[in-house]
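Peer 1: My structure is below; once you've seen it, I'll send some questions.
Read the figures in this text as sums done on the coordinates, not as results from a lab. Keep in mind that this is a model prediction, so the values were computed, not measured. Cβ placement follows ideal geometry from the backbone for every residue including glycine, while neighbour counts extend to all protein chains displayed.
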Amino acid sequence: MFSFEEIYKELGEVIALKTLKSWAIKIEKVTDRKFQRRYAKNTANHTYSYKVFSRGDLLDFKQLILLRKEHVTLDEAIELAFGSEEWKKFQANKKELIEMKQDLKSLLELSKEIIADNSYLKQKLEAMEQR
């Protein structure tokens, strides 16, 4: 298990530690991912909790940073890196649906052009037959 500081060092210190902490909070709010918590007591005998991360979390944070370098919005990058498999499937299906709609529009435009060409050729053929 990794602490914030260990994750920070593993990531190569490309983002601030405070940014990493705020991202972890946002990840828990936006996705269904919950990081493991450990509990300890301080010198005043008060109990406090802190987050610890797995190797998989570290890899997801690395992917999040790569996505941010590619100028993907933070919310979208979080969903891509930390989202559940169901959400990822939903997003892939949504993207495929958008592509299919665009393909359908282009096919409709192409069919309209073909119909127009056919009517033009039909008129030309009729004109040639009348001569």
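Peer 1: Looking only at the range 9-66, count every residue that is exposed (fewer than 15 other Cβ atoms within 10 Å of the Cβ), under 20 Å from residue 80 (Cβ atoms) and of a type in the set (Lys, Arg) and tell me the total.
Peer 2: 4
Peer 1: Output yes when any residue across the range 21-38 is more than 19 Å from residue 78 (Cα to Cα), part of a helix (DSSP H, G or I) and without any contact (Cβ under 8 Å) to a residue 40 or more places away in the chain, and no when none is.
Peer 2: Looking through the range 21-38, none of the residues is more than 19 Å from residue 78 (Cα to Cα), part of a helix (DSSP H, G or I) and without any contact (Cβ under 8 Å) to a residue 40 or more places away in the chain.
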